[in-house]
Each structure stands twice: as structure tokens, then as C-alpha cells.
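J.: Please find one structure pasted underneath; my questions will follow.
Since every read-out is calculated from the coordinates, none of them should be taken as a lab result. Just so it is clear, the structure is predicted and the values come from calculations on it, not from any experiment. In this analysis, Cβ positions are derived from the backbone assuming ideal geometry, glycine residues included, and neighbour counts consider all displayed protein chains.
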Amino acid sequence: MNTDPLRIAMQYAAARRRAAFRDRESLERWREPRIIRHLEEVRAASPFYRELWQGRDVQDWRHFPQIDKKAMMDHFDTLNTAGIKREDAMKLALEAEQTRDFTPEIGGLTIGLSSGTSGSRGLFLVSRRERLAWTGTILQRVLPGSLLGRHQIAFFLRADSNLYGSVRSRRIAFEFYDLLNPLNEHVARLNGQRPSVLAAPPSMLRMLAGELRAGRLKIDPGHLVAMAEVLDPLDRRVIEETFGRRIHQVYQCTEGFLGAACSHGTLHLNEDVVHIEKDYVDRERGVFVPIVTDFFRFAQPIVRYRLGDLLTESRELCPCGSPFAAIERIEGRSDDLFVLPKISGGGFVTLFPDFVSRTIIAASEAVEAYRAIQESPERLTVELQTADGADASTAERQIRTALAQLCERIGARTPDIEFALYDFVPGAVKLRRVQRRFAVDERMEPV
């Protein structure tokens, strides 16, 4: 007998109860002992963490050494608690990528590859128990209405997984759409499915918005979910205006289900599932790099794991009343901070991706899509798509002027700016509107 639907329903109910916290004190009283108990179990089962934390009291876990993707991959064999070898897991994951069959497991665990946004691909392991807990939680955070209602979900991602397949049930029709497939194929399937929930990266939602305006896509989803990429303000405006719906963000990555939007559209961190420390890079603006401890994942423990993302905390209380931290926006990756030479003297200044995005968008109403790629400290390429009938040269001049003014404001020399046609197509690679393509050291200086 398949007991998965019952277990998912139980996890859904548990997630609903956890979402009912109304103050930080109650959340912390509930959470701290669970984190301690989880870390004690991880220490006993993971040789890597046992050695890393040797001689340290688990009560002092906030001062345990941090890890990152490189450490996790370098020590994969001894970090995971299931005895899975990196070589075996990578072989299976790569075969799945090539065949597009994502159902095989290893040792009863779901295996997957990260998209490699940070420049290197990571492996993730998820046990059956963790998969069912994830499913119940994401359904509680994302589904409009009750679990007992009927839902048609269209889910666009680079790769399918048993993780996502767990969502299917008699009441929930879950259809995976492979981002590598042609757009006209997606449109035909969507017109047949008529989804009530449309979940996709913003770059795909933009393309589907274009198909809707052209009359080729004939759907009216009641709920829009953006995930897997940074939601740019320009994309948000176009998608919401076209579909006539507010976008709800999901903050999901290899390292866990980190956040989801509430009914008011505010992105909240899932602090009933993960503990997130804030390493501020700009405390005045509330910009921080998250350090994640997931106290539900055991097969591949995530403890004080430093992400490469930049988040901006909200300074206003959300009307929903949740004590879970509210995020104003996901700015992008810390790897994509622009590094520019100072106007006077030596040294460099950094520029947050959000400032670059908003400067380009505000410079010209003709901008429909863009990518800003810093090739070197002195050279910037702006890929640009302008509205039909708009004068592209005028838009380029306005953007060049606006970026020069921004650089002057922060005391940086304006790089040489080249323009090119915007040609990004959603697929195997995530869209990064703002990107830096050279390495820097810990002082944020080019190497």
C-alpha cells in the first residue's frame, strides 16, 4: 500500500501548524531544541562534521565553522550520512541529465545536480522522508486554497526529480515542463492542461507572457509562482500586467526550501525549516549573505552553509503577521557584485546588482529585456531588447548616460560600455540579468 499521500498530508498539516507562530519568542523556544537535537544526530552520523566540530559543545553551534559548496563537494563522501560515494552519485545524475529520465535513485535516495549558477555544479541527496516533508511544506506554502481542493500545476524547471514528482495525487495534477523543450511545445501542452497554478523561472514566465499577448497561449492561471532565478522588477511588471495576477516568489535552491511568499506577496524565509544567519555586507541597506542551517535534512546535512546570494531584508512588518523574516528582494549573487576602479587614487569600489538593474530599467521606457555583463573592471556589455518601433540608439545613449551618472555617484570610473542584441533563451542555464565574469579576492579586488 502506498502511504505517501497520507504522509504528505501529515507533513502539510505540520507545516500549517508551524506557520501559525505569531511572535519570535515562541518560534525560538520551539526551534532551538530541535536544532540542538538535529546537530547531535548529525555529529553521530557524519564523519566530516564529527571531525569539523571536534571538541566543540553543540550548544555553541552558532560558532561552528562555516562550509560552502566547495567544502561540501570536496568532502561529499564523508559529509553525507548514507555512505553514498560522490563518483557513483555524479555518474547517476549525469546519466539522468542526458536521458532526461530523473526517476533513478541510489540507495533509496533521490539524486540531483544543481544548475551551476555559482560556476560549479553541486550534488544533492534527499531521502524519502525528507522528500515527503518537503512536499507537504511546499504545498502548504505555495498552493492557493486547501490541499483538499483540486489543482492543476504546471511546473517549469531545468530538470525533473522524484522530489517534484511526489506532489502528484488524485486531487493534484502535477505536470513537469522541461525548459530544454521548444516554446511551441510548451504552449500546446499548457493549452491542453489549462493549469490553475503556473510555476516557472521569471525568464520563462516572460516568454509565456509574450505568447499570451500574441493570442497563442490561452490559459488563465489563478496563481503565478516565480522561482529559480532572481525576479527582476522589469520582468515582474510585464508578467503581472499580462496575466493580471500578482507573482508569488519561491526561494528554493540545492541547499533547501528557504522561502516562500505569503498571501500578501511578501517573501518570507522558512524559519520553521531552516535557521538563517545574516552576514551583512551593507548593514545600512539591510543587504546580507545567508548562512543556512537546515534542521530537517539529514541525508546530506546543511549546517552553517554559506550561500552566494545577496538578500535585502524588509524594514516593514508584513500585514500577514508572520514572525518569519520578510525579504524585500533577492538582489542576486555576491559573485555578481560589480567591481570598478576608483575615480581617484588606487583601489576599487563595489556596486550591487540591484543598482545596475534599476538604473538600466529607469533609463528608458523602451527597455523590454536586458543583461549587463561586466567582462573586466574596464569593460561592460549590455545586451538590450527594445520595444517594437523604439529607437534602439536613443535607448542605448540614455542607458550609457545613466550608468555613467551612477558610477560618478559612487566614485567609480565608468567602464567602456558596449551594446549587443539580447538573445537569452530559457533552458539549461539560469538567467542572470547582472553578471560579473572575472574573479576577485577576499578584498574584492580583481585577481
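J.: Any chance you could run the full-extension gain for Glu87 through Ala362? It's 0.36 nm times the residue separation minus the Cα-Cα distance, nm to one decimal.
T.: Stretched out fully, the Glu87 to Ala362 stretch lengthens by 94.2 nm.
J.: With all distinct Cα pairs included, what does the Kirkwood hydrodynamic radius of the range 156-288 come out to in Å, to one decimal, could you say? If you can, show how the numbers build up before the last one.
T.: Values: mean 1/r = 0.0616 Å⁻¹.
It is 16.2 Å.
J.: Expressed as a whole number of Å, what is the distance separating the alpha-carbon centroids of the range 426-447 and the range 13-38?
T.: Distance between centres, Cα-based: 36 Å.
J.: At a 10 Å Cβ-Cβ cut-off, how would you order Ile172, Ile239, fewest neighbours first? Don't skip to the end; give the middle numbers.
T.: Numbers: Ile172 19, Ile239 23.
Lowest to highest Cβ neighbour count: Ile172, Ile239.
J.: Under a point spin-label approximation (7 Å from Cα along Cα-to-Cβ), what is the Glu28-Glu313 distance to one decimal in nm?
T.: 1.2
J.: Can you list the HN-Hα couplings for the range 40-45, worked out from phi with the Karplus curve (6.51, -1.76, 1.60; θ = phi - 60°), rounded to whole Hz and with x for Gly and Pro?
T.: 5, 5, 5, 4, 6, 9
J.: Return the single residue from Ser357, Ser334, Ser344 with maximal mean-square fluctuation; model: Gaussian network over the chain, springs between Cα atoms under 10 Å.
T.: Result: Ser344 has the largest fluctuation of those listed.
J.: Which of the listed residues, Phe348, Val425, Gln374, is farthest toward the dipole's positive end in the range 337-436, when Lys, Arg count +1 and Asp, Glu count -1 at the beta-carbon?
T.: Phe348
J.: R0 = 30 Å: FRET efficiency of Ser376 with Leu421, Cβ-based, nearest 0.05? Mind showing how you got there, number by number?
T.: Details: r = 21 Å, r/R0 = 0.70.
With a Förster radius of 30 Å, E is 0.90.
J.: Can you list residues whose amide H is under 5 Å from Ile106's amide H, if they're 5+ apart or on another chain and H is modeled 1.01 Å from N?
T.: It is Ile111, by chain and number.
J.: Full extension from Met444 to Thr350: what is 0.36 nm times the residue separation minus their Cα-Cα distance, to one decimal in nm?
T.: Full extension from Met444 to Thr350 adds 33.1 nm.
J.: Extending each Cα 7 Å along its Cβ direction at Gln59 and Asp74, get the distance between those two points in nm, one decimal.
T.: Calculated label separation equals 3.2 nm.
J.: Let me ask something additional. Under the rule of at least 5 residues apart or a separate chain, name every residue whose amide H is placed under 5 Å from the amide H of Phe338.
T.: Leu351
J.: Which order do peptides 83-95, 423-435 fall in by mean Cβ count within 10 Å, highest first? It would help to have the intermediate numbers written out before the result.
T.: Values: 83-95: 15.2, 423-435: 17.9.
Listed from highest to lowest mean packing, they are 423-435, 83-95.
J.: For Lys91, go through the lysines and keep the ones whose alpha-carbon is under 23 Å away, minus same-chain ones fewer than eight residues off.
T.: The qualifying lysines are Lys69, Lys70, Lys430.
J.: For Glu418, what residues show an amide H to amide H distance below 5 Å, using hydrogens built from the backbone and excluding near sequence neighbours?
T.: Leu380, Thr381, Val382
J.: A further question follows. Using a simple spin-label model with points 7 Å from Cα along the Cα→Cβ vector, what separation in nm is obtained for Arg17 and Ala387?
T.: So the two model labels end up 5.3 nm from each other.
J.: On average, how much area does the Cα convex hull of the chain cover when viewed from any direction, in nm²? Mind showing how you got there, number by number?
T.: Details: hull surface 90.2 nm².
So the mean shadow area of the Cα hull is 22.5 nm².
J.: Rank-order 408-414, 388-394 by packing density, defined as the average count of other C-beta atoms within 10 Å over each peptide's residues, highest first. All intermediate terms of the calculation are to be shown ahead of the outcome.
T.: Numbers: 408-414: 15.1, 388-394: 10.9.
Result, highest mean Cβ count within 10 Å first: 408-414, 388-394.
J.: Follow-up question, since we're still on this one. Among Arg18, Arg283, Arg297, rank each residue by its count of other Cβ atoms within 10 Å, from fewest to most, as a rough exposure measure.
T.: On the way: Arg18 18, Arg283 9, Arg297 25.
Lowest to highest Cβ neighbour count: Arg283, Arg18, Arg297.
J.: Rounded to the nearest 0.05, what FRET efficiency do Thr3 and Ala214 have when you use their Cβ-Cβ distance and R0 = 56 Å? Numbers along the way, then the final one.
T.: Values: r = 46 Å, r/R0 = 0.82.
Result of the calculation: an efficiency of 0.75.
J.: Which value in Å does the Kirkwood hydrodynamic radius of the range 202-253 take, with 1/r averaged over all unlike C-alpha pairs and then inverted? Mind dumping the intermediate values first?
T.: Details: mean 1/r = 0.0896 Å⁻¹.
Here the Kirkwood hydrodynamic radius works out to 11.2 Å.
J.: Applying a 10 Å radius around every beta-carbon, put 201-209, 28-36, 215-223 in order of their mean neighbour count, most first. Intermediate values should be presented prior to the final figure.
T.: Values: 201-209: 23.3, 28-36: 13.7, 215-223: 15.2.
Highest mean packing first, the order is 201-209, 215-223, 28-36.
J.: Calculate for the chain the 222 nm mean residue ellipticity that helices alone would give, adding -39,500 (n - 2.57) per DSSP H run of length 4 or more and normalising by residue count, nearest 500 deg cm²/dmol.
T.: On the way: 13 runs with 150 residues, N = 447.
Taking each H run of at least 4 residues, the total per residue is -10500 deg cm²/dmol.
J.: What base-10 log of the normalised intensity I(q)/I(0) is obtained for the range 337-436 from the Debye formula, alpha carbons as equal point scatterers, at q = 0.14, 0.21, 0.24 Å⁻¹?
T.: Listed by q, the Debye log ratios stand at -0.50, -1.07, -1.33.
J.: Further, regarding this structure: Could you go through the range 370-382 in sequence order and give the Karplus-derived ³J(HN,Hα) for each residue, using 6.51 cos²θ - 1.76 cosθ + 1.60 with θ = phi - 60°, rounded to whole Hz, and x for Gly and Pro?
T.: Result, ordered by residue: 7, 9, 10, 10, 7, 6, 7, x, 9, 9, 10, 9, 10 Hz.
J.: What order do you get for Thr137, Thr81, Thr312 when you list them from fewest to most C-beta neighbours inside 10 Å?
T.: Numbers: Thr137 24, Thr81 21, Thr312 17.
Fewest-to-most Cβ neighbours within 10 Å comes out as Thr312, Thr81, Thr137.
J.: ³J(HN,Hα) across the range 252-262 via Karplus (A = 6.51, B = -1.76, C = 1.60, θ = phi - 60°), whole Hz, x for Gly/Pro?
T.: Karplus values, whole Hz, x for Gly and Pro: 10, 8, 3, 7, x, 8, 8, x, 7, 7, 8.
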